[in-house]
Structures are given as C-alpha cells and as structure tokens.
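Shown next, in structure tokens, is the structure this report addresses.
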Amino acid sequence: RRDGKGKYNDVPSSCATCSFDLIMSDRHPNIQSGSTSRPRYSAGVHNSRRPRSTTPFPEFPDLKTHEELYNFSLDYSETFWGTLARSRLTWSKDFTTVTDSSFETKTFGWFHGGELNASVNCIDRHLNERGEEPALIWEKDEPGESVFYSYRKLSETVGQIGNMLKNSGVKAGDRVTIYLSNSPTAVATMLACARIGAIHNVVFAGFSANALAARINDAQSETVITANTILRGGKLIPAKKTVDEAVTHCPCVRRVFVHFRTEVEVPMGKMDINMDKAMASEPVDCTVENRGSEDTLFMLYTSGSTGAPKGLIHSTAGYLLYANVTFKHAFDYNIGEKFGCVADIGWITGHSYVLYGPLSNGATTLLFESTPQYPDPGRYWEMVERLKLNHIYLSPTALRLLLKSGDGYVKKYNRSSLRKLGCVGEPLNHEAWEWYHKVVGEGRCDIIDTWWQTETGGICISPRPSEVGAEIIPAMPMRPMPGISLALVDNQGKETDAEKGALCIKKPWPGLARSIYGNHDRFLQTYFSNAPGLYYTGDGAHRYNNSHFQIIGRMDDVLNVSGHRLGTAEIEDVMDDHPDVSETAVIGFPHDIKGEGVYAYAVLKDERKSSKKEIEIELKSMIKTRIGGLALPEIILFTPSLPRTRSGKIMRRILRKIAANDFENLGDTSTLADPDVIKFIVDKHKELF
Ligand code: WT7
C-alpha cells in the first residue's frame with residue numbers, strides 16, 4: 001500500500017533462513033569501472049543461490065528488493081518520508097508539507113504544520129498493548145543486578161519527573177542539562193523534558209567541571225540534573241561535586257536536582273533539590289505539551305575541528321522518525337526482542353539507539369551502567385546469557401579490548417539468543433570484524449557496522465538497510481540507508497567518480513541536525529560550505545563496486561579516540577595556557593585498542609620555571625580538569641620548534657606520519673622553514689616509543 005495507511009503492527013517478521021544466511025566474502029566484489037552519480041545495486045552483488053528477498057517495509061509492499069526500495073526512497077522522497085511519518089509516528093495534528101528542505105537554499109524543515117510529542121510516541125501509545133512489557137532493562141554496575149522497568153512504570157516515572165520540573169518553573173523551550181549516567185532515572189528525565197517541551201542537554205558524565213560549565217553556559221541552562229555519585233566499574237564518581245564546581249561558574253543556573261544513586265551523603269546547597277523526594281509527591285499523570293515538528297527535541301554537544309564544542313540541535317519530528325525507522329531496519333528489530341546498546345546516554349548513540357529508536361518502536365532496551373571489563377572481560381557475554389539479549393550494539397574499541405583478553409571469556413557463556421551484532425563509532429578493522437563474527441556470533445549473526453554522526457541523527461550507512469538476505473562484506477558499513485544519497489567529492493568540493501573522496505550526502509533527510517545552538521552561521525559554514533549543495537560529513541570514504549562504502553576516517557582536525565570525538569584545537573588551547581609552553585600541535589596516531597590515540601607536540605619557552613617532567617604532569621592534569629580523562633595524550637613530545645612551511649603553517653601531515661612510525665614517507669621536507677627539526681622529532685619519537 002502506498003497510501004500511507006499501512007499499520008506498523010503488520011510488519012511481516014523477517015525470514016529467519018535469510019537473515020542467518022550470511023555470505024562470507026574475503027575479498028571485495030570486483031570493482032567495476034565507470035560510475036553513475038547514484039549507487040545502484042547491481043544484481044551481481046547478490047548471490048543468485050539465495051531466495052529473492054523481500055523488503056521489510058510494510059508501507060511499500062510492491063517494492064520487492066532493496067534496490068527498488070532505495071531508488072523509490074530517492075526518486076519519490078516526499079512520498080517515502082511522508083508515508084513513514086504517518087505510519088510510524090503518532091501525531092496530535094497532521095502535517096501539511098513533507099519538506100521544504102534543500103541543501104542549495106540551506107533550508108532544513110520537515111513535516112511543517114504537524115504537532116506531536118516524543119514522549120507520547122515513546123510511551124503512551126504502547127501502554128494499551130505493551131503496558132506491562134519491559135521497556136527498560138537496567139543492567140546496574142554491580143554484576144548480575146538488573147532491574148526491569150515496564151512501559152507503565154516508565155510512564156509513571158516520566159509523569160512524576162515532568163510534573164516536578166514544571167512545578168519548579170521549567171517551561172517549554174528551556175534547556176535542561178542532564179549530568180547522569182545510564183539509569184531509568186536518566187532516561188525518564190530525558191523523556192520528561194520531551195513531555196513538557198523542555199530541551200534536554202545531556203553532558204557525558206565523564207566530562208570535567210570546566211567542560212560541563214562551558215556547556216551549561218553556552219546552552220544558558222537554568223536547570224541541572226545530576227546524581228550524588230555515579231557508579232562505574234566498581235568506582236564511585238563524585239558527580240555532584242563536579243556539578244558544584246561547574247555551577248560556581250554558571251550564573252544562569254537556578255536549580256540543581258540531585259538523584260541519589262548511592263547511599264553516599266553529599267552537601268546540599270541553596271539551589272539543590274533532592275530529586276527522589278521531590279518527584280515522589282507528584283502525580284504520575286503529566287499533561288502533554290504538543291510540539292511543532294521543527295521544535296527542538298534536544299541539543300547535544302560535540303567537538304569540531306576548531307573552536308568550542310558545538311551544541312547541535314535536533315528537531316522533534318524529523319529526528320524521532322529517523323531514529324525510529326533506522327532502528328527498526330538497520331537491526332531488523334522484531335517486537336519482543338531485547339536490544340542491547342551499551343552506549344552511554346551522554347552520546348548520540350545513547351539518544352538514538354538506547355532511547356528514541358527503541359522506545360518509539362515499543363522495544364525492550366538495555367541501559368548498561370558498567371564497563372566492558374568489570375568485573376572481568378566476560379561482562380558483556382555473561383549479561384547476554386543472563387538477559388537473553390537478541391541484539392548487541394557496541395564500539396570497535398571495546399571489541400578490540402575484549403579480543404585481547406582471549407576467547408575464553410566469550411565461550412564460557414551461552415550466546416545463542418544473539419541475532420545481530422552491531423557496532424559504531426570508528427572503523428571496525430578486519431581482525432575485530434572476524435572475531436566478532438566467528439567467535440562472538442559463532443558465524444551465525446550478521447555484523448552490522450553502522451556509520452553515522454551526532455549530526456545525522458541516526459544510521460546512514462549499514463550493511464542490510466532494508467533487505468534481509470543481502471550479502472555482507474567484512475569491515476565496512478557498505479550500503480546507504482533508504483533516503484540517503486551519498487557522494488564523494490574531491491579537493492575542490494566537486495562530486496567525483498573516483499573511488500576515494502570526502503563523504504557527502506546529497507539529499508536532505510529528516511534526521512539531520514538543524515543548527516548549532518546560538519550559531520547558525522557556524523552550522524552552515526561547517527557542513528554546507530566545503531561542497532556547496534551537499535552535506536559535508538568531514539570523513540573520507542572509499543567506494544567499492546560503485547555502491548559499497550568503507551570509511552577511512554576524519555579528514556579534518558578531529559580525533560576519534562575510542563569512538564569519542566575530540567577537537568585537536570580544544571586540547572591545544574588547554575596546553576597553550578601553561579605558562580611554560582609557547583606552542584603546541586596535537587594530532588592522532590594509530591592506537592591498537594583505541595583506534596586513535598592523542599599525540600601532543602609542545603614547544604617550551606626558553607625561560608621556564610619547571611622541569612620537563614613537571615610540565616608533562618601539569619599539562620596532563622590541566623587536560624584532565626579542563627576537558628576530561630578521555631582527552632589525555634598518550635605521548636607529549638617536547639621539541640625546540642614545530643615543522644612549518646615557509647608561510648608559517650604547521651605541517652601536521654608530517655607530524656602525523658612521524659607519530660605513525662611512517663618515516664619513509666615524510667614527503668618533500670625541503671620547503672620547510674627549518675628542515676633540521678624533523679630529524680630531532682624523529683629521534684625523540686623513537687626514544688619515546
Ligand atoms: C564520527 C562521528 C554516531 C555514533 C558514534 C560517534 C566516526 C562513526 C563509524 C563507522 C568508521 C565511524 C566517523 C564519524 N564513525 N561510525 N561505522 N566506521 N567511522 O558519533 O561522535 O558524532 O562521531 O565517528 O569519523 O564522522 P560522533
């Protein structure tokens with residue numbers, strides 16, 4: 001049916017034979033020469049011995065293959081997204097236009113005239129049929145302690161928190177900063193914000209007081225929600241203490257709600273409110289604030305190549321629809337299954353695939369509070385066995401870490417419940433892919449390597465975006481999701497047929513962020529100026545067979561450390577503030593586990609007060625307090641100067657090569673202002689490694 005009235009509950013369950021039919025290929029399909037501007041799926045990619053697969057989109061039963069569905073999604077994109085918006089989401093008021101978005105004119109709106117509420121879509125509409133089913137499984141830090149939260153219980157908690165926030169003066173459009181780790185309270189707080197129309201701003205609870213303060217101030221947030229302590233890997237993390245420090249620098253803050261995760265007492269000041277007590281006296285029904293489609297659902301900070309972190313703005317309707325649809329189809333999720341995304345709610349993965357994607361689909365979603373190695377490297381697999389998880393979604397860094405601990409920790413536990421093995425955040429290397437597939441999944445589960453970004457709202461490239469039986473090629477996310485039209489561009493910002501280039505997205509899709517909070521110009525500049533008319537992702541990619549994509553990595557000065565984005569400029573700014581440091585250059589280098597590690601070069605002033613050893617310790621401590629532990633450099637190399645071009649530009653390319661032990665390919669260094677410095681840095685580097 002193409003009339004948009006297809007019922008979501010009618011989704012045919014996927015064919016089990018096909019979904020387990022993973023065709024292994026140890027080489028990439030023959031690269032065909034020539035290229036059309038749109039990747040079309042050639043029949044040659046599919047294996048003819050397998051039954052012809054059907055697309056699991058019930059709204060488009062006539063579209064039998066992924067190729068047909070994909071082409072339809074681009075050729076008739078308004079019908080495609082308009083139909084899905086009506087069938088997958090519940091609206092209090094229907095929309096009048098599907099989209100006026102265009103990357104040429106830099107307009108971004110979707111579903112104008114429509115009204116809806118994200119918490120209603122994630123909770124209320126499931127209550128009749130699934131009220132007593134588990135919405136959340138909270139896997140607490142303490143191994144083996146899990147708590148099931150039904151949709152009904154979640155609804156009541158959201159209602160109480162919503163009323164509490166409203167009674168304390170939080171209004172629609174206000175920014176509420178959440179500094180909590182994964183727990184039902186955290187998820188309910190995000191949904192309570194959505195219910196009353198407030199904008200949640202979750203800050204990863206590993207960020208320091210300074211980093212938190214910067215985000216609170218930029219968002220002009222009056223309300224902060226935190227816990228007395230956070231528990232992670234058996235350690236108590238003093239979250240309230242960090243918030244206390246932060247808010248002394250935040251004149252905008254008027255109230256701090258404190259949830260008591262543990263028994264630990266904390267000093268409570270004038271602005272502090274015991275959240276558990278305050279919400280307990282509230283009624284469980286909370287009036288819904290319906291939102292316009294384009295009203296902001298949340299903001300989330302992420303690092304850029306220059307300047308302070310950007311508060312990306314996500315819309316209510318477009319974001320929610322995109323999280324909903326990509327969750328369902330990237331993972332082929334079937335109702336009743338248990339979905340285990342182990343990401344923290346402080347990152348976009350936690351927003352889209354712990355919370356909004358799963359809950360808007362009526363799924364059962366895991367809230368993982370712990371770490372992959374606590375109490376030992378068998379934690380994930382013990383949890384899979386005990387909770388009978390059907391899907392797990394994790395980071396390549398965690399996989400590489402666990403791979404090093406050996407197969408014993410995996411094989412000890414029964415993983416037969418697992419059906420799909422997902423990962424995101426960084427390139428998944430071949431070794432980790434094979435281990436995930438053969439050892440963890442016993443060769444019977446699809447590996448779902450998904451590529452996307454905080455900005456894209458949800459998954460954009462994924463191996464089986466709509467077709468159950470399609471071939472999966474190791475170590476690449478492969479295929480664009482329906483509605484996503486990819487392009488590679490050259491150095492001039494022009495689309496190219498070459499196999500390698502800067503990854504861009506050609507056509508608007510509903511999940512794209514709409515702006516950077518308080519700085520729309522920076523939004524346009526960052527994403528829409530390098531390749532005019534296209535969304536510029538900042539990643540480099542390799543295209544195989546004119547259709548399958550592999551991500552090479554960031555092309556800008558952004559690092560990806562354990563799947564977390566860090567701007568080199570942010571780290572340099574902190575180091576430059578040290579009184580003995582005259583200049584710095586921070587780059588990434590290949591790291592066995594983390595994917596990329598932080599490598600810092602520092603030039604010291606001639607007259608300095610401290611020794612190099614002292615300065616190194618001080619620099620690390622400054623980075624830890626100003627940004628957070630995740631930005632700590634693996635190496636700090638002191639050098640008398642940095643390699644520069646005659647025009648004064650630091651040659652980062654050379655610094656990267658040295659850090660990667662790639663001394664043979666330093667390129668032409670004769671144009672440098674001071675070629676001797678290279679020899680110094682290379683010798684010093686060899687000493688340090
Ligand atoms: C950057 C986005 C989106 C959730 C997690 C990170 C890198 C992401 C992959 C992948 C290779 C990947 C890219 C991207 N990235 N997924 N499957 N293969 N690289 O979100 O912090 O916004 O970072 O992560 O470089 O641009 P983020």
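Nothing in this text is a laboratory measurement; each read-out follows from the coordinates by a stated rule. Since the model is a prediction, treat every value here as computed from it, not as a measurement. Neighbour counts run over all protein chains shown; Cβ positions are idealised from the backbone, glycine included.
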Karplus-derived 3J(HN,Hα) from phi for the range 184-189 (6.51 cos²θ - 1.76 cosθ + 1.60, θ = phi - 60°), whole Hz, x at Gly and Pro, runs x, 4, 5, 5, 5, 5
So which aspartates and glutamates can K506 reach, going by Cα to Cα under 16 Å and dropping same-chain residues fewer than 8 places off?
D75, E78, D100, E104, E455, D490, E495, D497, D539
List the relative contact order of the chain as a percent without decimals, with contacts defined as Cα pairs under 8 Å and 6+ residues apart.
14
Pair-distance profile P(r), taking every C-alpha pair of the range 214-321, with 10 angstrom steps and integer %
12, 30, 37, 19, 1
If you project the alpha carbons of the range 600-640 onto their three principal axes, what span does each projection cover, largest first, in Å?
30, 17, 13
Viscosity 0.890 mPa s, temperature 25 °C, Stokes-Einstein D of the range 459-541 from Kirkwood C-alpha radius, µm²/s
175
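Let me know the whole percent of all Cα-Cα pairs from the range 195-251 that are separated by more than 14 Å. It would help to have the intermediate numbers written out before the result.
Working: 856 of 1596 pairs.
Tail fraction, whole percent: 54.
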Sites matching GluC sites (Glu not before Pro) across the range 372-444 that sit in DSSP coil, with at most 11 neighbouring C-beta atoms within 10 Å
none
Under the rule of at least 5 residues apart or a separate chain, name every residue whose amide H is placed under 5 Å from the amide H of I199.
G173, D174, R175, V176
Calculate the dipole size of the chain relative to its Cα centre from +1 charges on Lys and Arg beta carbons and -1 charges on Asp and Glu beta carbons; express the result in debye to the nearest 20.
620
Roughly speaking, what is the stretch gain from Q525 to N491, that is 0.36 nm per residue apart minus the C-alpha to C-alpha distance, in nm to one decimal?
10.6 nm
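Using only the Cα atoms of the range 145-278, what semi-axes does the equivalent ellipsoid have when each is the square root of 5 times a gyration tensor eigenvalue? Give whole Å, largest first. All intermediate terms of the calculation are to be shown ahead of the outcome.
On the way: eigenvalues 85, 74, 34 Å².
Ellipsoid half-lengths, sorted descending, are 21, 19, 13 Å.
Could you please tell me the mean projected area of the C-alpha convex hull for the range 45-160, averaged over all directions and given in square nanometres to one decimal? Don't skip to the answer; put the middle values down first.
Numbers: hull surface 52.2 nm².
With every direction weighted equally, the projected area is 13.0 nm².
Below 8 Å between Cα atoms, with a sequence gap of 6+, how large is the relative contact order for the range 463-538 in percent?
Answer for the range 463-538 is 24 percent.
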With a 31 Å threshold on alpha-carbon distance, the violating pairs from K620/K657; K310/K613; K420/K620 are K310/K613; K420/K620
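Can you work out the FRET efficiency for the pair K235 and T105, with r the C-beta to C-beta distance and R0 = 45 Å, to the nearest 0.05?
Computed FRET efficiency for K235 and T105: 0.35.
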Note, the range 558-569: 3J(HN,Hα) by Karplus (6.51, -1.76, 1.60, θ = phi - 60°), whole Hz, Gly/Pro = x, goes 10, 9, 10, 9, 6, x, 9, 7, 9, x, 4, 5
At a Cα cut-off below 18 Å, give the lysines reachable from K166, other chains included and same-chain residues fewer than 8 away excluded.
K277
Amide hydrogen neighbours beyond the local backbone of S515, cut-off 5 Å, H modeled
I313
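Multiply the residue gap between L688 and S641 by 0.36 nm, knock off their C-alpha separation, and tell me the result in nm, one decimal place. Intermediate values should be presented prior to the final figure.
Working: separation 47, 0.36 × 47 = 16.92 nm, distance 1.76 nm.
Contour length minus Cα-Cα distance gives 15.2 nm.
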Dimensionless Rg/Rh of the range 265-360, both radii on Cα and Rh by Kirkwood, sits at 1.05
Rounded to two decimals, what is the ratio between the C-alpha radius of gyration of the range 567-610 and 2.2 N^0.38 Å?
1.33
What are the semi-axes of the equivalent ellipsoid for the range 625-674, taken as the square roots of 5 times the Cα gyration tensor eigenvalues, largest first, in whole Å?
25, 14, 9
The range 535-673: spread of alpha-carbon positions along the three principal axes, whole Å, largest first, is 59, 38, 29
Ranked packing of 148-154, 259-265, most packed first, by mean Cβ within 10 Å:
148-154, 259-265
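At 0.36 nm per residue, and after removing the present C-alpha to C-alpha distance, how many nm does the segment from K612 to E78 gain when stretched out fully?
Working: separation 534, 0.36 × 534 = 192.24 nm, distance 6.09 nm.
Answer, rounded to one decimal: 186.1 nm.
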Cβ-derived FRET efficiency at R0 41 Å, R125 paired with N71, nearest 0.05:
0.85
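When the helix-only estimate is applied to the chain (DSSP H runs of n ≥ 4, each -39,500 (n - 2.57), divided by the residue count), what is the mean residue ellipticity at 222 nm, nearest 500 deg cm²/dmol? All intermediate terms of the calculation are to be shown ahead of the outcome.
On the way: 21 runs with 191 residues, N = 689.
Using -39500 (n - 2.57) per qualifying helix, the result is -8000 deg cm²/dmol.
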What FRET efficiency do you get for A673 and D276 if R0 is 45 Å and r is their Cβ-Cβ distance, rounded to the nearest 0.05?
0.15
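On a 30 Å Cα-Cα criterion, which of the cross-link pairs K328/K404; K93/K328; K64/K411; K624/K686 come out too long? Let's see the in-between values first.
Details: K328/K404 32 Å; K93/K328 24 Å; K64/K411 39 Å; K624/K686 26 Å.
Pairs exceeding 30 Å: K328/K404; K64/K411.
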For a quick check: with amide H placed at 1.01 Å from N, whose amide H comes under 5 Å from K500's, ignoring anything fewer than 5 positions away on the same chain?
R543
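Can you list which of the GluC sites (Glu not before Pro) found in the range 129-202 are DSSP loop residues with at most 16 other C-beta atoms within 10 Å?
Details: sites: E129, E132, E139, E145, E156; in loops: E132, E145.
Filter output for the range 129-202: E132, E145.
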Applied in sequence order to the range 107-124, the curve 6.51 cos²θ - 1.76 cosθ + 1.60 (Karplus, θ = phi - 60°) yields integer Hz couplings, x standing for Gly and Pro, of 10, 10, x, 9, 6, 4, x, x, 9, 6, 9, 5, 5, 5, 5, 8, 10, 3
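Could you work out the Rg to Rh ratio of the range 365-453, with Rh taken as the Kirkwood radius (inverse of the mean 1/r over all Cα pairs)? It would help to have the intermediate numbers written out before the result.
Details: Rg = 11.9 Å, Rh = 13.0 Å.
Expressed as Rg/Rh, it is 0.91.
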Taking the square root of 5λ for each eigenvalue of the C-alpha gyration tensor of the range 100-203, the equivalent ellipsoid has semi-axes, largest first and in whole angstrom, of 28, 17, 16
Surface/4 of the Cα convex hull for the chain, nm²
29.8
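From the Cα gyration tensor of the range 524-574, with a ≥ b ≥ c the square roots of its eigenvalues, which class applies: rounded if a/c is under 1.5, or else prolate if a/b is larger than b/c, or else oblate? Show your work: numbers first, answer last.
On the way: a/c = 3.60, a/b = 1.42, b/c = 2.54.
Judged from the Cα gyration tensor, the range 524-574 comes out oblate (a/c at least 1.5, b/c at or above a/b).
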What is the distance, in nm, between label points placed 7 Å from the Cα along the Cα-to-Cβ direction at T90 and at D285?
1.5
Scattering curve values for the range 98-149, log₁₀ I(q)/I(0), Debye with Cα scatterers, q = 0.14, 0.25, 0.29 Å⁻¹
-0.65, -0.96, -1.05
Cα centroids of the range 118-179 and the range 333-362: how far apart, whole angstrom?
13
Sparsely packed trypsin sites (Lys or Arg not before Pro) within the range 386-452, loop by DSSP, other Cβ within 10 Å at most 16:
K388, K412, R444
